[in-house]
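The values are calculated or read from the model by the stated rules, or taken from the named source; none is laboratory data. Predicted, not measured: the structure shown is a model, and the values here were computed from it. Heads up, the Cβs are rebuilt from the backbone with ideal geometry, glycines too, and the neighbour counts pull from every protein chain shown. Protein only, heavy atoms only, side chains kept; ligands, DNA and RNA dropped before computing areas. Shrake-Rupley method; radii C 1.70, N 1.55, O 1.52, S 1.80 Å.
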Amino acid sequence: MDKGEFFALYQPQLSVDGLRVVSAEALLRWSRPGIGTIGPDDFVPFAEDNKLIDELGSFMLERACETAAHWGDLPVSINVSPLQFARVDLAAYILTIAAKAGLPPGRLEIEITETAPIGDIAAVRATIAELRAQGVRVSLDDLGAGHATTCLMRELPLDRVKLGKSMADDAMTEKGAEHVSNLIQQARDFGLAVTAEGVETQAQLDFMRSCGCDRIQGYIFAKPMSGAEISAFARQFAG
Ligand code: C2E
Ligand code: CA
């Protein structure tokens, strides 16, 4: 993997009323000469299997913090694989990268992806606590799919959970609607805020709002865009 071939796009996350951009998620892309741009679902699992995820994770942390430092007050959300938590000094490492980029910890959000099982839960809990003590907010990604179970909502000191796109789709079926609504209620009972991801239609948006989600990320508002476009996009909402 040549690091020069990787870049980040950023997708706005909006308040549920669609009136404010509240954060933007950094999403990794791989531009392969002669092939085109490849999405992370096609190479992150490979990177996780081959111990390359730490290198990619560091690249994204540096790039996203440097980019977001120029966004005024807007926070950036960065995906961190559970495998990166094997690093005992992960919290200090993340805080150092943010400081070097000039990004205050209060403008940094970490999304723990569910692409691999969470290993040593006590160690992950300690890392999250250390980050949160400095003002970094921590979300559990893709709730309702894969390894992220409701158990983790209880066991980890989180700020927020994110519902994956499959939940926005499931919510539009009679059986799925009840399941998704229960999942959101459960998160709120744990005191967690809820982001709905992959929201594409007004019906999905209305459902997520009625269930108490406070943030929306989805094509209904915006697709991933460059770091420079994010600044302009967020300014439109500020005015
Ligand atoms: P994720 O964290 O759940 O990110 C959201 C994914 O849903 C993104 O796909 C985004 O482009 C897509 N999405 C958002 N809204 C919509 C919508 O309305 N409709 C549809 N069809 N898709 C929508 P993307 O960029 O392909 O990322 C896929 C996954 O790759 C991410 O899922 C995340 O788990 C992982 N990933 C991305 N960047 C990184 C990274 O820097 N590090 C790690 N470890 N994983 C990453
Ligand atoms: Ca994510």
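Length gained on full extension, Asp206 to Gln134: 22.4 nm, using 0.36 nm per residue less the C-alpha separation. Please report how many Lys pairs in the chain have alpha carbons closer than 29 angstrom, counting only residues at least 8 apart along the chain or sitting on separate chains. Lysine pairs meeting the criterion: 15. Were the residues from Asp2 through Asn50 laid out at 0.36 nm apart, the gain over their Cα-Cα distance would be 15.8 nm. Averaged per residue, region 3-234 has 44 square angstrom of accessible surface, using a 1.4 angstrom probe with ligands and nucleic acids left out.
The distance between label points at Glu178 and Ser58 comes to 5.1 nm (points 7 Å beyond Cα on the Cα→Cβ vector). Site pair Ala228 and Arg87 shows an inter-label distance of 2.9 nm when each label is modelled 7 Å from Cα along Cα→Cβ. Report summary: the helix-based calculation at 222 nm, which adds -39500 (n - 2.57) for every DSSP H run with n ≥ 4 and divides by the residues of the chain, gives -12000 deg cm²/dmol. Distance between the 7 Å Cα→Cβ label points at Gln236 and Gln185: 3.7 nm. Here the accessible area of the chain is 51 percent carbon and sulfur, with a 1.4 angstrom probe and all protein chains present.
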